[in-house]
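The values are calculated or read from the model by the stated rules, or taken from the named source; none is laboratory data. From a predicted model like this one, the values you see are computed outputs, not experimental measurements. Reconstructed Cβ throughout: ideal geometry from the backbone, glycine too, with neighbour counts over all protein chains shown. These accessible areas exclude ligands, DNA and RNA; they are computed on the full protein's heavy atoms, side chains included. Shrake-Rupley method; radii C 1.70, N 1.55, O 1.52, S 1.80 Å.
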Amino acid sequence: MGEKINAFITVMLLSVFILIFTAADVTEEDKVFSETENRLLASRPEFSVESLVRGSFTQDYETYVTDQFVSRDKWISIKTRMDVLLQKQEIGGVYLGRDGYLLEQHLPESYPQATIEKRLELLERLVEDWNADVMLVPTADNILTDKLPGNAPYFQQRVFLEEAEKRVGREHYVDAFSALKEHSREEIYYRTDHHWTSLGAYYGYLAWADFTGERSYPYDTDAMVLASTDFLGTLHSKINLEWESDSIYYFGETAEMPVTVTYDLQKTAHSLYEESYLNTKNKYGFFLDDNHALVEINTGNQTGKTLFIIKDSYANCFVPLLLPHYDTVYMLDLRYYNGRLYQLLEQYATEADILVLYNCIHFLEDFVYA
């Protein structure tokens, strides 16, 4: 009899718990954006018989409920703490690495040869048609291998990069891997974010200068300017635990350069840096006002040269270092551009140097153009 009473009480408590959280979910307004995860959250899908039959409605609704669940961030944190207590080395696609490093997990099976071939074919065509140069940057798990947990699997980007170099030709390929590997004991990647740091971008810049034969600008790595000491990046957002924050530095010389920056043919600024982001979760947005489809930077230089760079967000802290070499720099992010790439190149880049700059993973996942 006592066991039945206990079971009844347990069921009642669980039912009350579910009802309370269901009511909270129904009454609480949907959130549009998660600052913790730095992404848009799913909105309530519209119901139709067709979407129900296809199965897309139930799938979209499950995503919606997951994203809009009340106190979602707290539940993620609780789950992560349990995973840590169980001594898991990977949580939510993030390796808990040595020395406080969080490293994004990239499993080999996630990047089949068919995907690699498709991306390389697009890259080859672009290089052949537009004489473009290519700089594909390895992610932290391939350079800071000593920070990975023991026997942690990861996608071998060096093999992929060797194939990319072979396909586009050495005369079009900037070797960022070797440059970063040489400085792997320095702070070239953030501990809590997937981006390289300004110092990592600087070593990439030196590799670019060596490749192009340009005389590198004498940036002072010992006099970099501190922008923030409390940066917790995208990888930290996935585990949502107390963690030692990163510091963001930039080269003060780039802030002194007279520039006019136009974002998406509309917004204009006279700085490469947007300090308002330093008061948000997305502090990496400090570099060139986060992500835009098209950015135009006019430097006032008299080099007679223009650069058109097709890029992901790794370019945002890299491009400022290139400005002494060009009068104008265009930055195109294909993730936010809906037009045809070649038409845009014909409009802006017929006399320009063209550079493709992505981290390896974003290239494999996002490099698509019409």
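Quick one: which helices (runs of 4 or more DSSP H) sit completely within the stretch 260-370 and have at least 1 residues that are out of contact with any strand residue (DSSP E or B) (no Cβ under 8 Å at 6 or more places or on another chain) and surrounded by fewer than 16 Cβ atoms within 10 Å (Cβ to Cβ)?
341-348
Could you list, in sequence order, all residues of the stretch 266-285 that are under 14 Å from the mean Cα position of the chain (by Cα) and among the aromatic types (Phe, Trp, Tyr)? The answer is 284, and nothing else.
Residues checked against (1) out of contact with any Asp or Glu (no Cβ under 8 Å at 6 or more places or on another chain); (2) more than 19 Å from residue 362 (Cα to Cα); (3) surrounded by fewer than 14 Cβ atoms within 10 Å (Cβ to Cβ):
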{"site": "101", "(1), (2), (3)": "yes, yes, no"}
{"site": "120", "(1), (2), (3)": "no, no, no"}
{"site": "124", "(1), (2), (3)": "yes, no, no"}
{"site": "141", "(1), (2), (3)": "no, no, no"}
{"site": "152", "(1), (2), (3)": "no, yes, no"}
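How many of the residues making up the stretch 86-119 are in a helix (DSSP H, G or I), free of Cβ contacts under 8 Å to residues at least 60 places away in the same chain and polar (S, T, N, Q)? So the answer is 2.
Among the residues of the stretch 103-114, those identified as open to solvent by 40 Å² or more (accessible area, probe 1.4 Å) and either touching a helix residue (DSSP H, G or I) at 6+ places or on another chain (Cβ under 7 Å) or within 30 Å of residue 340 (Cα to Cα) (or both) are 104, 110, 112, 113, 114.
Within the stretch 187-204, residues that are of a type in the set (A, V, I, L, M) sit with their Cβ atoms under 8 Å from residues that are in a strand (DSSP E or B), at 6+ positions apart or across chains, in these pairs: 188/196; 199/249.
Entry remark, the stretch 343-361: residues being touching a Leu at 6+ places or on another chain (Cβ under 9 Å) and over 20 Å from residue 312 (Cα atoms) number 0 in total.
Of all residues in the stretch 247-259, exactly one satisfies the criterion of being in a loop (DSSP other than H, G, I, E, B) and charged (D, E, K, R), namely 256. For the stretch 160-180, what are the residues that are within 23 Å of residue 118 (Cβ to Cβ) and part of a loop (DSSP other than H, G, I, E, B)? 169, 174 - these are the residues of the stretch 160-180 that are within 23 Å of residue 118 (Cβ to Cβ) and part of a loop (DSSP other than H, G, I, E, B).
Quick one: in the stretch 213-223, of everything that is open to solvent by 40 Å² or more (accessible area, probe 1.4 Å) and in contact (Cβ under 8 Å) with a residue 40 or more places away in the chain, which residue is nearest to residue 353 (Cα to Cα)? Here the answer is 214.
Checked against (1) more than 18 Å from the chain's Cα centre (by Cα); (2) of a type in the set (Gly, Ala, Ser); (3) farther than 21 Å from residue 300 by Cα; (4) open to solvent by 40 Å² or more (accessible area, probe 1.4 Å), residue 255 passes all but a single condition, namely (3).
The set of residues in the stretch 188-223 being in contact with an Asp or Glu (Cβ under 9 Å, 6 or more places away or on another chain) and in a loop (DSSP other than H, G, I, E, B) consists of 190, 191, 192, 193, 194, 197, 216, 217, 218, 219, 220.
Being open to solvent by 70 Å² or more (accessible area, probe 1.4 Å), within 22 Å of the chain's Cα centre (by Cα) and of a type in the set (A, V, I, L, M) is true for just one of 226, 241. Which residue is that?
Working: 241 fails: open to solvent by 70 Å² or more (accessible area, probe 1.4 Å).
After applying the criteria, what remains is 226.
Would you pick out the residues in the stretch 230-242 that are in a loop (DSSP other than H, G, I, E, B) and at pLDDT 95 or above? Those that are in a loop (DSSP other than H, G, I, E, B) and at pLDDT 95 or above: 232, 233.
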